[in-house]
Ligand SMILES: [Ca+2]
C-alpha cells in the first residue's frame with residue numbers, strides 16, 4: 001500500500017537536471033526509466049511490513065471529515081442511485097475504502113468521543129448526549145467534560161507534537177481550547193447556547209472561510225496541520241438550498257426524503273470545497289484525509305409500514321439511536337495519495353481505529369490501553385475477527401454508571417451480527433426510539449440480509465450463544481441490567 005513519495009520528488013529533480021545536460025535520445029531513455037521507477041519502488045515497498053514505514057520526517061497533514069446523521073447507503077460510491085455525492089465519490093476513488101465501517105455508538109456525542117479517544121463509551125464515560133436533556137446543562141455536564149478531558153485524544157497528541165489544529169462543526173466537550181486544539185470556532189459555554197458546537201456549526205452551512213484561512217495560516221507557518229471538519233450536515237434542520245431541493249423533489253417521493261437527499265448533496269458540496277482548496281494549494285499529496293459519519297439517519301416516511309413508528313416522529317426507528325445497520329454502519333475512508341494506494345477493503349473498520357491510524361501516520365506513539373488498530377496495517381486488519389459497540393439512552397446519562405442507561409450491545413463477526421437487549425433506564429421521550437424492541441437477542445446474516453429483515457436467532461441458537469460469549473468477554477455488563485432469560 002505504500003506509495004513512494006520520495007521517488008516522485010527525486011524524479012522531478014533529476015528531470016530538471018536532464019533537461020540541461022542530456023542528448024534527446026538519452027533524455028528519452030532516462031525519462032522512460034524515471035516514469036516506471038516509482039512503480040518499481042511501490043512494488044518493492046508493498047512487500048514490506050507497513051507499520052514502521054509510515055513514520056516520516058515530513059508528517060502528513062490530517063483532514064478529518066465527519067458527516068452528521070447519514071445512513072451508510074447514502075453515497076454514490078456506496079451504490080445509492082438517487083443521491084449525488086460526486087466529491088466524496090472522487091475521494092473514494094483515491095482512498096482505502098472500508099465499506100463495512102462501524103461506530104461505537106449510534107449517537108453523536110458518545111460516537112465523537114470514541115473517535116477522539118479511541119475508547120468505547122463505557123470507558124470514556126460519555127454514553128449519551130445529555131444528562132437530563134436541556135435541564136441544568138451547565139451544571140450537570142461539567143463532571144462529564146472533566147472526565148472526558150482526562151483521556152488522551154489524537155487532537156492533543158498532534159497539538160503537543162507541533163501540529164496546528166483547527167476545530168470546526170460539531171464539538172460537545174467545551175471550547176476548542178479545552179479540546180486541545182490550537183485554533184477553532186466553538187466556545188462551548190452552556191450559558192451562551194453552547195451544547196454541541198455553537199459558533200462552529202456555521203461551518204459549511206454559511207461559509208468555509210474559517211477553514212481555508214486556517215489552511216493558509218498553517219501553510220505560511222510551514223507547520224503540519226489537523227482539520228476537524230464536522231459540519232452540522234446533513235443533520236436537521238433539513239433546509240437545503242432551493243436549487244438542490246428542486247433537484248430531488250419529484251412526484252411520489254416524500255418531502256422528508258427529498259429534503260434529506262438534498263442535504264446529503266449539500267454536505268458533499270462543502271467537502272468538495274475543502275478538498276478543492278487543498279488541491280489548489282498543492283497539499284493533496286502529503287495530506288491524509290480520514291472520512292467517517294457519526295451515526296446513521298433515515299427519513300420517518302420510509303418506515304410507515306412499521307406499526308411501531310407511530311411512537312416516534314423524528315426519524316425511522318432502527319436508524320439514529322439504534323444498534324441496527326442504519327444506526328451504526330458507515331463507510332470509513334483513508335486517503336493519502338503520496339503514500340497509500342486506493343483499494344476497496346473487505347475488512348471491518350471501526351471508529352476506535354482512527355486514533356491509532358492517525359498517530360501511526362504522524363509517526364507518534366499510541367496510548368497502550370487502546371484496542372483499535374492502525375487501518376493501514378494489513379496484518380492487524382486480517383487478525384481482527386469481530387467488531388463491537390453499545391447503544392445507550394439518547395437524552396439522559398447516569399454519569400459514573402455507564403450501564404445505567406444501557407439499551408443494547410452488539411457484535412459483528414464475519415457475515416453475522418448479534419444484538420443483545422438490556423434494561424437500562426430511559427426517562428425521556430427518546431425512549432420511544434427503542435421501547436418497542438423487546439426481543440432479548442436478534443441475529444442477522446448481514447451478507448445475505450444487509451438490511452436486517454430476517455431475525456435468525458431462533459434458528460441458529462449455537463451462533464447466538466457463541467457471539468453472546470464474545471460480547472461478554474469484550475464487556476461484562478453489570479448483572480442488574482440483564483433483563484431476560486436469554487441474557488442470563
Ligand atoms: Ca449525529
Using the alpha-carbon centroid of each, what span in Å lies between the range 313-388 and the range 162-186? 22
Using only Cα atoms, what is the ratio of the radius of gyration of the range 276-418 to 2.2 N^0.38 Å? 1.27
Can you tell me the mean projection area, over all orientations, of the convex hull of the range 170-315's alpha carbons? Units nm², please. 11.2
Applying the gyration tensor rule to the Cα atoms of the range 389-487 (axes a ≥ b ≥ c; rounded if a/c under 1.5, else prolate if a/b exceeds b/c, else oblate), the class is prolate
If R0 = 22 Å, then residue 255 and residue 310, at their Cβ-Cβ distance, give a FRET efficiency to the nearest 0.05 of 0.75
Specify the inter-centroid distance of the range 396-446 and the range 111-133, based on alpha-carbon positions, in whole Å. 15
Computed E for residue 192/residue 383 - FRET, C-beta separation, R0 41 angstrom, nearest 0.05: 0.30
Antiparallel bridge percentage (DSSP; both residues within the chain; nearest 5): 50
Taking the chain as the reference, fit the longest principal axis to its C-alpha atoms, fit the long axis of helix 24-45 to the helix C-alpha atoms, and give the angle between the two in degrees, 0 to 90, nearest 10. 30
Row for the range 365-447, column shape: gyration tensor on C-alpha, a ≥ b ≥ c, rounded if a/c < 1.5 i.e. under 1.5, prolate if a/b over b/c, else oblate; value oblate
Computed on Cα atoms only, the convex hull of the range 171-212 has an orientation-averaged projected area in nm² of 2.8
Can you give the translational diffusion coefficient of the range 86-225 in µm²/s, computed by Stokes-Einstein from the Kirkwood radius over Cα pairs at 25 °C and 0.890 mPa s? 150
Give, in whole angstrom and from largest to smallest, the semi-axes √(5λ) of the equivalent ellipsoid of the chain, with λ running over the eigenvalues of the Cα gyration tensor. 39, 25, 23
For Cα pairs less than 8 Å apart in space and 6+ apart in sequence, what is the mean separation divided by the residue count of the chain, i.e. the relative contact order in percent? 22
So what's the angle, to the nearest 10 degrees on a 0 to 90 scale, between helix 255-280 and the longest Cα principal axis of the chain? 30
Where does the chain land at 222 nm, in deg cm²/dmol rounded to the nearest 500, when only DSSP H runs of n ≥ 4 count, each adding -39500 (n - 2.57), divided by all residues? -10000 deg cm²/dmol
Going from the fewest other Cβ atoms within 10 Å to the most, one would list 57, 300, 217, 93 as 57, 93, 217, 300
Helix 5-21 sits off the longest principal axis of the Cα atoms of the chain, rounded to the nearest 10 on a 0 to 90 degree scale, by 20
Only counting other Cβ atoms within 10 Å, I'd like 292, 83 sorted with the fewest neighbours first. 83, 292
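No lab work stands behind these numbers, since they all come straight from the coordinates. All values reported here derive from a predicted model rather than from experimental measurement. Cβ sites come from the backbone with ideal geometry, for glycine too, and all protein chains shown count toward neighbours.
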